[in-house]
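Here the structure comes first, spelled out in structure tokens, and everything after it is commentary.
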Amino acid sequence: ALAGKGRIGVIAGDLETERDADRLRAVGVPAAAITTGSACHLDADMVHKSLHRFPWRELDYLFVENVGNLVCPAIYDLGQAVNVVALSVTEGEDKPLKYPVMFRKADLVLLTKVDLLPHLDFRVEAVLDALARVMPKPDVIRVSARGGEGVAEWLDWLLGRRAELVKEGPARPGTSPHSHHHHS
């Protein structure tokens, strides 16, 4: 969906296998895999090392997919400009209350697999209420990769955030509210 709107690359983190990176490369997206072995999260050093052999300077968007859980990744800064949490409707509406740290640091929550809602006991209002309790500025987009619902809105969000960040320029200590992020 981003084709023609920007050059993208992905660093995919998993405990084992390069399957996600392989799937992305198969559709023409530059991708690197970081396998952590037993570690339940990525850290800045792992991301840094993976960038040595990756054409990140040529990209408009670099997605770093952390290891898929809602606990460990929440406390590690990877140098990212924004945090997006994908929360599948199959995971249950109470996840934001159970794992508040992950959602507290999120700029956006993508509520995914919404095409499955008719088949689940999942109340969207309940998850929105939970997110409002834990996110400083709750922002949620409902998406379905299958049916395409919300994809245009998600892209608009991404394009808008990128435009803001480009306008702000690289963060320098003391010059922006994001001064704790050190981009190299």
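So which of LYS5/LYS98; LYS137/LYS167; LYS113/LYS167; LYS5/LYS95; LYS95/LYS167; LYS98/LYS137 end up more than 25 Å apart, counting from Cα to Cα?
Details: LYS5/LYS98 36 Å; LYS137/LYS167 22 Å; LYS113/LYS167 33 Å; LYS5/LYS95 33 Å; LYS95/LYS167 35 Å; LYS98/LYS137 18 Å.
Flagged as over cut-off: LYS5/LYS98; LYS113/LYS167; LYS5/LYS95; LYS95/LYS167.
In plain terms, if you count all Cα to Cα distances in the range 1-50 and split them into 10 Å steps from zero, the share in each step is 26, 48, 24, 3 percent.
Summing charges over neighbours of VAL10, with a neighbour being any other residue whose Cβ is under 11 Å away from its Cβ, gives 0 when K and R count +1 and D and E count -1.
Largest accessible area first, the residues VAL109, VAL27 order themselves as VAL27, VAL109 under a 1.4 Å probe with ligands, DNA and RNA left out.
The C-alpha atoms of the range 1-87 occupy a region whose extents along the principal axes are 35, 28, 26 Å, arranged from largest to smallest.
Only lysines eight or more places from LYS49 in sequence, or on another chain, were considered; those with a Cα closer than 25 Å are LYS105.
The spread of Cα positions in the range 1-149, taken along each principal axis and listed from longest to shortest, comes to 44, 32, 27 Å. Counting only protein heavy atoms and a 1.4 Å probe, the range 40-133 has 55 square angstrom of accessible area per residue.
Sequence-distant contacts, meaning Cα pairs under 8 Å at least 6 residues apart, place the relative contact order of the chain at 16 percent.
Beyond 15 Å, how much of the Cα-Cα pair distribution for the range 72-115 remains, as a whole percent? Kindly include the intermediate steps, with their values, before the conclusion.
Details: 404 of 946 pairs.
That fraction is 43 percent.
For the pair HIS119 and ALA152, the difference between a 0.36 nm per residue extended length and the Cα-Cα distance amounts to 9.5 nm.
Computed in the context of the full set of protein chains, the accessible area of the chain at 1.4 Å probe radius has 53% of its extent on carbon or sulfur.
Given a Förster radius of 22 Å and the C-beta distance between ASP20 and LYS167 as r, what FRET efficiency does 1/(1 + (r/R0)^6) yield to the nearest 0.05? Before the final figure, lay out the partial values.
On the way: r = 32 Å, r/R0 = 1.45.
Between ASP20 and LYS167 the formula returns 0.10.
Dipole magnitude for the chain: about 420 debye, using +1 per Lys or Arg Cβ and -1 per Asp or Glu Cβ, origin at the Cα centre.
The values are calculated or read from the model by the stated rules, or taken from the named source; none is laboratory data. Because the structure is predicted, anything quoted here is derived from the model rather than measured. Note that each Cβ is placed from the backbone with ideal geometry, even for glycine, and that neighbours are counted across all protein chains shown. In case anyone asks, the SASA skips ligands and DNA or RNA and just uses the protein heavy atoms, side chains included. Shrake-Rupley method; radii C 1.70, N 1.55, O 1.52, S 1.80 Å.
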